Each structure stands twice: as C-alpha cells, then as structure tokens.
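Read through the structure below, which is laid out as structure tokens, and then see the notes.
Quick note: the coordinates plus some simple rules give every number you see, no bench work behind them. What you see is a predicted model, and the numbers here were worked out from it, not measured in a lab. We place every Cβ from the backbone using ideal geometry, glycine too, and count neighbours over all the protein chains shown.
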Amino acid sequence: MCTSDSNSDSAPVRILTYSQAVILLGVPEEGREQFIIDMDIEGMTNQELRKAVNERTRVRQEKDRALQENADLQKTVED
C-alpha cells in the first residue's frame, strides 16, 4: 500500500509521455520536479515543452552570468 507521501512524489511522473520525459532531461534533476509542477505540461505540445525548457535554461544562464559579473565587480571594488 502506498502512502500519500510516496504517491505525491511520483504523481508528476505519471502524467509524462516518453517524449516529454526525454525533453525534461534538459532540466537539472534537482529542479525537474518543481518545473513539472509549475508548468502545465499535460496541456503542452512537445514543441511548447521544448521551448519552455530552452527558455528556462536561457534564463538560468543569464542569471548565472549576471551573478558572476556582480562577483567580479565586487572583487574589483574590494581590490
């Protein structure tokens, strides 16, 4: 018998098609479940899902770049 905790942990995975699961490999594992919860992937086409994953990746890269630039500027100011 499944507990409600184990049931809720696997709930997002049950709604995925094979194609969706492959596309979602583009999302890091630690953020994948939250991405599935946040997005209405059941109602998305594979193309829409791929676009959302790519957009998420682009935004994360821009954020990381901005954080690195900020750290570099902070180091310059401290020097």
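Across the range 68-79, computed HN-Hα scalar couplings (Karplus, 6.51 cos²θ - 1.76 cosθ + 1.60, θ = phi - 60°) run 5, 4, 4, 5, 5, 5, 4, 5, 4, 5, 5, 6 Hz from first to last residue, x flagging Gly and Pro. Other residues with beta-carbon under 13 Å from the beta-carbon of Gly26 carry, at +1 per Lys or Arg and -1 per Asp or Glu, a net charge of +4. The simple spin-label model puts a point 7 Å past each Cα toward its Cβ; for Glu55 and Glu42 those points are separated by 2.1 nm.
Give me Rg over Rh for the range 23-79, both radii from the alpha carbons and Rh done the Kirkwood way, two decimal places. It would help to have the intermediate numbers written out before the result.
Numbers: Rg = 15.7 Å, Rh = 13.1 Å.
Ratio of gyration radius to Kirkwood radius: 1.20.
Grab the beta carbon distance between Ala66 and Thr17, set R0 = 25 Å, and tell me the FRET efficiency rounded to 0.05. With R0 = 25 Å, the Cβ-Cβ based efficiency is 0.10.
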